[in-house]
Amino acid sequence: MNPQTLSAKMTLQTKNIFEDIKKLKAEKNAIILAHYYQEGDIQDVADYIGDSLGLSQQAAQTNADIIVFAGVHFMAETAKILCPDKKVLIPDLKAGCSLADSCPPLAFKKFKDEHPHHLVISYINCTAEIKALTDIVCTSSNAVQIVNSIPKDQPIIFAPDKNLGRYVNKVTGRNMLLWDGSCMVHEIFSAKKISLLKHTHPRALLIAHPECEEPVLDQAEFIGSTTALLNFVIKSEHQEFIVATETGILHEMAKRAPGKTLIPAPPENNCACNDCPHMKLNTLEKLYACLRDEKPEIIIEPSLIKQAEKSIKKMLEISAQLGL
Ligand code: 13P
Ligand code: SF4
């Protein structure tokens, strides 16, 4: 088959799969929630695209019977905890998260027991078991505000991301005890290559996710969650941006800020390591199959749901009070 015929066939297949997904969604009263790190086609078929905070807020308020969560496991798990009576599906059950994996529940429980007077604030990128050991969950959108809502003399453990924790300590002037976890994607950016790139693109602003390491954040003109980075690019009068986060965000940025130049921040090696391998396990084909077959489904023990829901609901409550 010549390349043109092949490409026409693929366009037709993609069009059909989009229509089939739309039909299934209507038949089953399903909603598709997708994170900005998903592949472009998945973002295009989603009912809502957002960051972790926006996605959990959407999950908490949906009337759909089925939630297809195009993201990683901890995100779909959070949706299930918030909506225990709904069916929550994920296109690939193996879509995990290196940051969530860096905080095993038994080790964390021991750490927590060693600091009995500390309040536990955990970044949403953790398992349900860690959420059950947590007082308040936060996301990269509201971490600073959640920490600021706690009296200054209250000692805090922050888990699992040490980079986000260090950044929040710096902004709030706190001295939270940090769990030593990190994200494999956000730790791969090269501060040296970024500074060279800034030199060759003097008008470009560096915008970075707070999961990046300190030498990258120190060079950033703006730091924020994926939604905050997107809004910054849309609203900014600048035309050129070096983007230090997972590359999936570039899809929506290019759509919402057409004409602006978006340069993915360079990783240490010449690899595609700034693509999250876990997020990218989900594909449009798997999403279609999961909606059709209603599996794989997220199943959590009801007792674990009960223990984990308090810390997530507390975050949603504080976020609503603060208008976030
Ligand atoms: P957001 O809070 O920006 O959605 O980030 C989630 C995430 O997994 C970053 O790696
Ligand atoms: Fe986890 Fe990092 Fe992937 Fe986000 S980018 S889902 S923190 S591994």
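The values are calculated or read from the model by the stated rules, or taken from the named source; none is laboratory data. In this text the structure is predicted, and so the values were computed from the model without any measurement. Using ideal geometry, Cβ is built from the backbone for each residue, glycine included, and neighbour counts are taken over all protein chains shown.
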Quiz item: Among the strands (runs of 3 or more DSSP E) confined wholly to the range 159-271, which include 3 or more residues that are at pLDDT 95 or above, within 16 Å of ligand 2 (Cβ to nearest atom) and under 30 Å from P116 (Cβ atoms)?
Solution: none
Quiz item: Looking at the range 96-111, which of the residues that are among the aliphatic types (A, V, I, L, M) and in contact (Cβ under 8 Å) with a residue 40 or more places away in the chain is farthest from ligand 2 (Cβ to nearest atom)?
Solution: A100
Exercise. Only residues in the range 224-246 that are in contact (Cβ under 8 Å) with a residue 40 or more places away in the chain count as the first member; pair them with residues that are surrounded by 19 or more Cβ atoms within 10 Å (Cβ to Cβ) and assigned to a strand (DSSP E or B), Cβ under 6 angstrom, at least 6 apart or cross-chain, and list the lot.
Key: I242/L206; A244/F189; A244/A208
Exercise. Please determine, by comparing only the residues of the range 273-294 that are assigned to a loop (DSSP other than H, G, I, E, B) and within 16 Å of ligand 1 (Cβ to nearest atom), which one is modelled with the lowest pLDDT.
Key: C273
Quiz prompt | Residue that is modelled with pLDDT of 95 or more and touching a Phe, Trp or Tyr at 6+ places or on another chain (Cβ under 6 Å), where the choices are L33, L24 | solution = L33
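Return the residues of the range 40-52 that are over 14 Å from C126 (Cα atoms) and either touching a helix residue (DSSP H, G or I) at 6+ places or on another chain (Cβ under 7 Å) or within 13 Å of ligand 1 (Cβ to nearest atom) (or both); say none if nothing qualifies. Break it down stepwise before answering.
In the first step, residues of the range 40-52 are kept if they are over 14 Å from C126 (Cα atoms); the result is 40-51.
Matches in the range 40-52: G40, D41, I42, Q43, V45, Y48, I49, G50, D51.
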Practice problem: Can you tell me which residue among L106, L99, L53 is part of a helix (DSSP H, G or I) and at pLDDT below 95? | Solution: L53
Exercise. Mind counting the residues in the range 67-94 that are in a loop (DSSP other than H, G, I, E, B), within 14 Å of ligand 1 (Cβ to nearest atom) and more than 25 Å from E27 (Cβ to Cβ)?
Key: 1
Quiz item: Of all residues in the range 90-127, how many are crowded, with 24+ Cβ neighbours inside 10 Å and in contact with a Lys or Arg (Cβ under 7 Å, 6 or more places away or on another chain)?
Solution: 2
Quiz prompt | Restricting the range 225-240 to residues that are within 16 Å of ligand 1 (Cβ to nearest atom) and not small (G, A, S), the residue that is surrounded by the most Cβ atoms within 10 Å (Cβ to Cβ) | solution = T226
